[in-house]
4 protein chains.
Amino acid sequence: MPRKPHIKPPTPESRRVGYAIVGLGKLSVEELIPAVRTSQEGYVAALVTSELDKGREFARALDLKDSDVYAYDDFEALAQREDVQAVYIVLPNSLHREFITRAAKMGKHILSEKPLGMNAKDAQKIVDTCKKAGVQLMTAYRCQYTPHHWAARDAVQGGRLGTVKLLDSIHVQVEDDPTAWRLQKDLAGGGPLPDVGIYSVNTLRFVTGQEPEWVFATLHQPKKDKRFREVEESVSFLLGFPDGVTATVHTSYGAFKTDTLRVMGDRGSLLMDPAFTYRGLKLSIEDSAGTTVPSFPDYNQFGLEFDHFAQRVRDGRAPWTPGEEAVQDHVIMDALYESARSGEVVKLKGVKKKDAFRGTKPQLPGSGD
Amino acid sequence: MPRKPHIKPPTPESRRVGYAIVGLGKLSVEELIPAVRTSQEGYVAALVTSELDKGREFARALDLKDSDVYAYDDFEALAQREDVQAVYIVLPNSLHREFITRAAKMGKHILSEKPLGMNAKDAQKIVDTCKKAGVQLMTAYRCQYTPHHWAARDAVQGGRLGTVKLLDSIHVQVEDDPTAWRLQKDLAGGGPLPDVGIYSVNTLRFVTGQEPEWVFATLHQPKKDKRFREVEESVSFLLGFPDGVTATVHTSYGAFKTDTLRVMGDRGSLLMDPAFTYRGLKLSIEDSAGTTVPSFPDYNQFGLEFDHFAQRVRDGRAPWTPGEEAVQDHVIMDALYESARSGEVVKLKGVKKKDAFRGTKPQLPGSGD
Amino acid sequence: MPRKPHIKPPTPESRRVGYAIVGLGKLSVEELIPAVRTSQEGYVAALVTSELDKGREFARALDLKDSDVYAYDDFEALAQREDVQAVYIVLPNSLHREFITRAAKMGKHILSEKPLGMNAKDAQKIVDTCKKAGVQLMTAYRCQYTPHHWAARDAVQGGRLGTVKLLDSIHVQVEDDPTAWRLQKDLAGGGPLPDVGIYSVNTLRFVTGQEPEWVFATLHQPKKDKRFREVEESVSFLLGFPDGVTATVHTSYGAFKTDTLRVMGDRGSLLMDPAFTYRGLKLSIEDSAGTTVPSFPDYNQFGLEFDHFAQRVRDGRAPWTPGEEAVQDHVIMDALYESARSGEVVKLKGVKKKDAFRGTKPQLPGSGD
Amino acid sequence: MPRKPHIKPPTPESRRVGYAIVGLGKLSVEELIPAVRTSQEGYVAALVTSELDKGREFARALDLKDSDVYAYDDFEALAQREDVQAVYIVLPNSLHREFITRAAKMGKHILSEKPLGMNAKDAQKIVDTCKKAGVQLMTAYRCQYTPHHWAARDAVQGGRLGTVKLLDSIHVQVEDDPTAWRLQKDLAGGGPLPDVGIYSVNTLRFVTGQEPEWVFATLHQPKKDKRFREVEESVSFLLGFPDGVTATVHTSYGAFKTDTLRVMGDRGSLLMDPAFTYRGLKLSIEDSAGTTVPSFPDYNQFGLEFDHFAQRVRDGRAPWTPGEEAVQDHVIMDALYESARSGEVVKLKGVKKKDAFRGTKPQLPGSGD
């Protein structure tokens, strides 16, 4: 009689990976929590926040109990929560290492927002800590988990564009709140570069599977603008990849929202525009025959991350974007800041191996098992 | 220290309107339940389904108790549930009247999927029943609640296109499961016309605010195709609006997914393409100066419906799309079937009043209060 | 040293087909004359006009001699001009038959603007006259000669869209000069239908290769608007093709410039938008894999027509769009007017044969020889 | 009776400026000659070429006499041709100075293709020569004459995007003929930079009205590829404009045809894509309200150049893009090559004045007089 459900209900919580969300900012509230709740493999089991009252309001709205909300000081109480297998760190960058270290000590697996640390050294310590504690560490590079970005990567690496020649990416937006923690150097570690520019760096590395050999950067920091007393307004840079392939990149907190990625080969080109948004990604591939915009089934970018990490928590294999992947971005960003300071090209240690810092390939939605 | 939430948590359940979702099909599971859970003004308090086991799985996944799941036979047990103020009817069309009647008897307010009934007479009886019972009845015409469709309506009625001259809409898709209830006449009442064609009819009426005066239709039903033994594959038709404004419309279960709406005035035109999807709507407005694609903040179409009806449940005012709005669509669809049968133009009773069948204007997201 | 021309110069005039342009309206002046001058196979050898002074100005600007300009009364002087092998008739519709007849008597081949005549009977007489005189007659349906339209036809007939199900086309524009000859019934024969609506009719027939079996039309003629005292403002209609394939069409002189053509199959769809402009045509093909916009080399639509007819003049084979092709459009347009008058469906004589009224396939640019 | 021409015929040749086209390459044959023939203010009066036979074929096809065709050695015979007031230099770059000098000696005004010379010093000598001879010199920067580019400039300078922050441009294409003169350093002066990259440099300067203060470039020249034995395959660079505004630019002969220009301000952004093609330019302007694509009447880019220079020849005022404008591009390109060689930033002499190297504003089509 009444129509039957075509889709199976989510895995019951008892068989899913329970996450504690650490930090209740805009991203957690608007994106992560709704996403993790529809995830097939994970669920929100606890919230950790400095604002207990607000945390409890959210908990209630989300059908958690008041006792599922923890203050930062009580973070270690999660040790007793066997249903909490993983924590998702959504805190200002400067707090990542502390909370990851505390979580690792409890034996919790860790999914951390990017950038992983304050710089390469800090990030490397985080990686070392997790390794020593025997817990999984994944950096939340959501653009390495979407069907759109994998289709771009496949076009680049599968030869559809011919030999890759040039790269271009822009990720800029206006940050207009002078009090935002993102504009405080001791909390954020830097300005737009580690926050939004990192998407360009990381995704260019992902679609090519290669690592830059040198960088050159220029940085603009108008200190008269009270937003930019501590961090830069923008960084514009070149990344030199092997075989003369060069990327041009802009990142900024001062320019109207733009996010694109372009790969030019000798037989075709691809454009992602928008390239880094939560929704509405668009990929176009052009060659002498014309332009194609592939279509994809609906998906939630955060849900795909949750599912991938839940699988790795269960099977113990390295996630596709482990801590090492993040360290490499920090190495590059450190070099970019150094170049901007010195006005000179900064060389990086060569990395020949493809996907040198990545782990187990994610399973794409609709790709079967 | 850690960033503060920029958005307030949802209204606590105690102050929100509790909905019982009646019917656990694809739409409920994939769209309505996720949407209602993020609604500011409503929440899912109960599920009604013929498949109790599956219902309980969903309930658990959704943090409801087993006892929140009801069989159709136990529907009347909801009478005792004071926290259930409204039911959302998501059943095959032929069951609408029965369940709306049973809900009305319990004093529950009713949000019903479209089409409201099997035909105009059936729909009118539904309206009469609700009126007599003193409960609110809203038809779930989600395209009358989105910022995109309101912007289209404003462009049409605000003179931006000049005088409106011609209309065109297409809503077609492939239904390839010959066992689907939508293909059974006694369950669905018709084929693509009341299921997808109704979007074109309803939205053309909405953006113009006017009612057609005559219709002409042709219908194609290839009975050799086992999908179309009982219902038509497609209907193509003309709607004659006042002042010589004519609409051309296609609806079909046999053609590749297409959904568009175009309004042509003497000074400009607008195109919605896609016009009726759950996500990714696009509105373009063209005049001699060029083409403009307005941007809108993110929203969930179903959430907007839930919020609107929750407000009406609380304030007792007529919803924007009450039962009467649905009766009028049925009157037009009855006339279309009659025209297709007779091969002749069918005249409709003139309706001069603008928005003749609509109630309280919805509040658009971001429009303040 | 200096770079060599990559392209060969046009065929010398002595080996090209000389055209007399009959009528010096906007189309001749802005499109035809520039196009024919860059044609590889034709050239302008003479001008025929009522306004000798202006004709001579154009002649001089175009490096013709004053003696290459003829008054309508002196049309027969062209009989002596052996270098004029063909005439291009660009006159008000009511004058087509007279001038085609006069040209045929001189043994000149005839390329005529559409619509060929005032109605089917008139057009048939034109065809008979040319046949009797043994001269070639081609109707200038430029959309049957472009790579874009042929790619659309190939997608439709090659199965790329699956089985064709539904068709939709719009061709409307604002005619705002109340004194235009197009608005005078005795000069134009009708309103927007034979002038712009004919593109939809003709191109739908072309891409499917099939003929409609019935029509239904509604017509709007607001006589208070002084532009529409004699001819209709708009016609909206349905065309019934074989196997239940139905087309919806709008044509108008009262609505903002819009020209589209859509074909929906069960596995994909195509959209041309714009579909009928002189430049900037765009074809999109969509299926479950995504959307593709094929690219084409540059071409001039009128140049392609001139070249095709010049080839036919030389080889004596029937052009792809001979007079018979135009008679069929007139048969359909006559039926549309009759339907609009009677308010009833009008049946047409069945035509089973594909491309029943067409001749020698045109050679597409870049397709080799 | 027959419709009247709505447009006036071109100015008779006697009142137009006669051009001698010097060089019969692909650009001359495919674009310039057709364009100049439809120009309102100029016409082709003579051809100068090394291949007299081909020249005569073109002349005949174009209704010139055999005697209108000149060998390079006979260039000075044009001195006697009073009807030839201007020459259009369409030769390999290395020949510009010689032919411009010879033309200046004859008192002919000169329109020259870009790049004006082989480098800044060469270009400056050209400017000095023309000044001394008292003849007009205009560089054929067609992108400074189109309504699209002026609309972009107006959006940038009129504040529509807020304060300009960042710039990005790409102009790349595949040059696959290893024997092309463009790949010979002594003929071309460089590789893609002075040929296609110059569009990005010149147009970024034009839309902002400002001059870069420093440059940094990296260059790729795979000498194993026989095309790039003498010139670079690609140059990727940064241009530092005043107030921290930075441009990223790619130019290449090795990558699939791409040409874009993007300006990002703090309140909006604009994209031209394609930005530099002869036809089909597209401008999009985006801000928080959405995206707008302005429409423009048809025009021919080369025709606009011819008309502008013809006006300047007549009124004696400096053209909008005189030789000085080209010298400045050479200064920047010289600095880019120096930076690529040294691996260091190269500073440029500051230029505060807006539009420092430009002359009389062109009149845009449709802008009245």
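The values are calculated or read from the model by the stated rules, or taken from the named source; none is laboratory data. Computed from a predicted structure; not experimentally measured. Virtual Cβ from ideal backbone geometry, glycine too; neighbours counted across all protein chains shown. Each accessible area value is taken on the protein alone, full model and side chains, heavy atoms only, with ligands, DNA and RNA left out. Shrake-Rupley method; radii C 1.70, N 1.55, O 1.52, S 1.80 Å.
Assorted remarks:
- Note on chain B: Kirkwood hydrodynamic radius from all Cα pairs is 21.3 Å, rounded to one decimal.
- In order through region D:259-265: 3J(HN,Hα) via Karplus (6.51 cos²θ - 1.76 cosθ + 1.60), integer Hz, x for Gly, Pro: 8, 9, 8, 10, 10, 10, x
- Cross-link pairs exceeding 29 Å between alpha carbons, from the set C:K105/C:K257; B:K224/C:K349; D:K114/D:K282: C:K105/C:K257.
- Dipole magnitude for chain B: about 660 debye, using +1 per Lys or Arg Cβ and -1 per Asp or Glu Cβ, origin at the Cα centre.
- Sum of side-chain charges, B:A20 neighbourhood, beta-carbon under 11 Å (Lys, Arg +1; Asp, Glu -1): 0
- Heavy atoms of the protein chains alone define the surface here; on that basis chain B has 37 Å² accessible area per residue at 1.4 Å probe size.
- Position D:D176: other-copy label points at 3.7, 4.8, 4.9 nm, ordered by increasing distance, label point 7 Å along Cα→C-beta.
- Among C:A180, C:A310, C:A20, the residue with the largest mean-square fluctuation in a Gaussian network model of chain C, with springs joining Cα atoms closer than 10 Å, is C:A180.
- Restricting region C:210-318 to trypsin sites (Lys or Arg not before Pro) that sit in a DSSP loop and have at most 16 other Cβ atoms within 10 Å of their own Cβ leaves C:K223, C:K224, C:R229, C:R267, C:R279, C:K282, C:R317.
- Using the Cβ-Cβ distance between B:Q363 and B:E230 with R0 set to 41 Å, the FRET efficiency works out to roughly 0.50.
- Radius 15 Å from Cβ of C:R227, net charge of other residues (Lys, Arg +1; Asp, Glu -1): -2
- Here B:Y278 and A:E98 are evaluated by their C-beta separation; at R0 = 60 Å the FRET efficiency comes out at 0.90.
- Amide H contacts for B:M118 (H built 1.01 Å from N in the peptide plane; partners 5 or more residues away or on another chain; cut-off under 5 Å): B:A123.
- Backbone amide hydrogens, once placed in the peptide plane, bring D:G42 within less than 5 Å of D:V17, excluding anything fewer than 5 places away on its chain.
- For C:K352, inter-copy label distances in nm, listed shortest first [label point 7 Å out on the Cα-Cβ vector]: 5.6, 7.2, 8.8
- Spatially, region D:237-275 and region A:106-131 are offset by 36 Å when compared through their Cα centroids.
- Relative contact order of chain D, taken over Cα pairs closer than 8 Å and 6 or more residues apart, is 18 percent.
- Each other copy places its own label point for B:R341 at 3.2, 8.4, 8.9 nm from this one, sorted shortest first, where the point lies 7 Å along the Cα-to-beta carbon line.
- Per-residue HN-Hα couplings for region B:69-82 [Karplus 6.51, -1.76, 1.60; θ = phi - 60°; Hz; x = Gly/Pro]: 9, 10, 6, 4, 5, 9, 3, 5, 5, 5, 4, 7, 8, 5
- Number of partner chain Cβ atoms within 10 Å, mean per residue of D:242-248: 5
- Using a Förster distance of 30 Å, the FRET efficiency for A:E338-B:Y299 (Cβ separation, nearest 0.05): 0.10
- Under the Karplus curve 6.51 cos²θ - 1.76 cosθ + 1.60, θ = phi - 60°, whole-Hz ³J(HN,Hα) for region B:209-219, x wherever Gly or Pro sits: x, 10, 10, x, 9, 7, 9, 9, 9, 10, 10
- Take every pair of alpha-carbon atoms less than 8 Å apart whose residues are at least six positions apart; their mean separation over the length of region A:13-142 yields a relative contact order of 22 percent.
- Dipole magnitude for region A:176-272: computed about the Cα centre from +1 point charges on Lys and Arg Cβ and -1 point charges on Asp and Glu Cβ, it is near 260 debye.
- Modelled label positions at D:D315 and A:D73, each set 7 Å beyond Cα in the direction of Cβ, lie 7.9 nm from each other.
- Positive-end ranking of C:A45, C:Y70, C:Q80 along the dipole of region C:39-82, with charges on Cβ about the Cα centre, is headed by C:A45.
- Distance from the alpha carbon centroid of region A:63-100 to that of region C:314-338 works out to 78 angstrom.
- Share antiparallel - DSSP beta bridges, chain A, percent rounded to 5: 60 percent
- Here the label points at A:Q157 and B:K349, each 7 Å from Cα along the C-beta direction, are separated by 6.7 nm in the simple model.
- Region C:171-227 shape via C-alpha gyration tensor axes, a/c threshold 1.5: prolate
- Shown here for region A:32-114: trypsin sites (Lys or Arg not before Pro) in loop regions (DSSP other than H, G, I, E, B) with at most 10 other Cβ atoms within 10 Å, namely A:K65.
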